[in-house]
Amino acid sequence: MVLEVLINPKRATGKPWEMFFIGAIYSLVGLVLGYWVFRSYVSIIMVSFTALAAAPFVYNATKAEDDSTSATKESTLLKKHAPIIKVFTFLFLGFVAVFLLAFIVLPEPMAGEIFKTQIESIAAVRNEVTGNFTSIFSTMGIILANNLKVLVLCVIFSLIYGMGAIFILSWNASVMSAAIGDAIREGLQGTGSSLVVISSSLAGYFVHGLPEIVAYFIAGLGGGILSVALMKYGVHSRSFRKAGVDCVSMVTFAVLMLVLAATIEVFVSPTLL
């Protein structure tokens, strides 16, 4: 891949923050090409192109994690994967930075066209929460159920495609960017300070959004490791069984993180927006 050769993300594995800029380039190229070539379907195409650009790196990183996991004790499993999770997080933040900047800077009609599907998705979730609102805990249940669906998709996509979860994560980056951008635009229409509006909007979404995304990374990584182990060692191998145990452990931890994220979203995030 030409883009991978030019950027060479392998050089960034020792410095996770470099992946922020690589993610920004991936998403910028995806957005520009999506709008230029497939304008009618830009909402999905830009996410697909972004994921496609990141897929080789994600796949290679997952293979490397499978090799390291084979020699890792279960007690240090999450600690062992912490570096690659940091790398994925900065990659995701690079996606968000470009998508958010595009949503805010571009003329509103153009931004509405580019993020049409994302805006519709946000509206659907909000309507579901509002329509079923009987108590604050029912709202939390709806949010948690939606997030668990995404987590399951991350595991399934990673298991089937090896690096398929990157599409789900790219999509979530675009949705989060649209939600934050909408909050910023709405806030700027009032009398509040621009700095206060932007900082509160970012804090209101990132305080629960980052734990969610890290949970998706962990679950997707677990599914990817299991997929690689299946291809390399076969279903009856000891390595595959160990990868299965590790995958279950990682998904369980990811579910607990989603519970924490849903709690923060219901009880903390509204106070920041």
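The values are calculated or read from the model by the stated rules, or taken from the named source; none is laboratory data. Predicted model only: the values in this text are computed from it and were never measured. We place every Cβ from the backbone using ideal geometry, glycine too, and count neighbours over all the protein chains shown.
Note on the stretch 187-200: residues that are closer than 21 Å to Leu101 by Cβ and modelled with pLDDT under 85 amount to 9. Before we move on, is Ile160 of a type outside the set (Lys, Arg), surrounded by fewer than 22 Cβ atoms within 10 Å (Cβ to Cβ) and in contact (Cβ under 8 Å) with a residue 40 or more places away in the chain? When the stated conditions are applied, Ile160 passes them.
Inspection of the stretch 195-214 identifies no residue that is closer than 23 Å to Ala55 by Cβ, aliphatic (A, V, I, L, M), assigned to a helix (DSSP H, G or I) and out of contact with any helix residue (DSSP H, G or I) (no Cβ under 9 Å at 6 or more places or on another chain).
Check Leu101, Leu153 and return the single one that is modelled with pLDDT of 90 or more, surrounded by fewer than 21 Cβ atoms within 10 Å (Cβ to Cβ), part of a helix (DSSP H, G or I) and among the hydrophobic types (A, V, I, L, M, F, W, C).
Exactly one of Leu101, Leu153 is modelled with pLDDT of 90 or more, surrounded by fewer than 21 Cβ atoms within 10 Å (Cβ to Cβ), part of a helix (DSSP H, G or I) and among the hydrophobic types (A, V, I, L, M, F, W, C), namely Leu101.
Apart from one condition, Ala203 fits all of (1) surrounded by fewer than 17 Cβ atoms within 10 Å (Cβ to Cβ); (2) at pLDDT below 85; the exception is (2). Can you say whether Ser174 is farther than 27 Å from Val29 by Cα, at pLDDT 85 or above and either surrounded by 21 or more Cβ atoms within 10 Å (Cβ to Cβ) or among the hydroxyl-bearing types (Ser, Thr, Tyr) (or both), as far as the supplied structure shows? Considered against the rule, which asks whether it is farther than 27 Å from Val29 by Cα, at pLDDT 85 or above and either surrounded by 21 or more Cβ atoms within 10 Å (Cβ to Cβ) or among the hydroxyl-bearing types (Ser, Thr, Tyr) (or both), Ser174 comes out as no. Gly220: within 16 Å of the chain's Cα centre (by Cα), part of a helix (DSSP H, G or I), modelled with pLDDT under 85 and not aliphatic (A, V, I, L, M), yes or no? No; evaluated as a whole, the condition is false for this residue.
The residues of the stretch 32-48 that are under 22 Å from Phe90 (Cβ atoms) and surrounded by fewer than 23 Cβ atoms within 10 Å (Cβ to Cβ), listed by number, are Val32, Ser48. Look at the stretch 229-243: where a residue is within 16 Å of Ile160 (Cα to Cα) and surrounded by 13 or more Cβ atoms within 10 Å (Cβ to Cβ) and a partner is charged (D, E, K, R) and at pLDDT 80 or above, sitting 6+ places away or on another chain with Cβ atoms under 8 Å, you get Ala229/Lys242. Within the stretch 163-171, the presence of at least one residue that is of a type outside the set (S, T, N, Q) and either surrounded by fewer than 16 Cβ atoms within 10 Å (Cβ to Cβ) or at pLDDT 90 or above (or both) is confirmed.
Residues that are within 18 Å of Ser177 (Cα to Cα) and among the basic types (Lys, Arg) within the stretch 193-242 are absent altogether.
Which residues, taken from the stretch 213-249, are within 16 Å of Val87 (Cα to Cα) and not β-branched (Val, Ile, Thr)?
Of the residues in the stretch 213-249, the ones within 16 Å of Val87 (Cα to Cα) are 213-222, 224.
Of everything in the stretch 213-249, those that are within 16 Å of Val87 (Cα to Cα) and not β-branched (Val, Ile, Thr) turn out to be Ala215, Tyr216, Phe217, Ala219, Gly220, Leu221, Gly222, Gly224.
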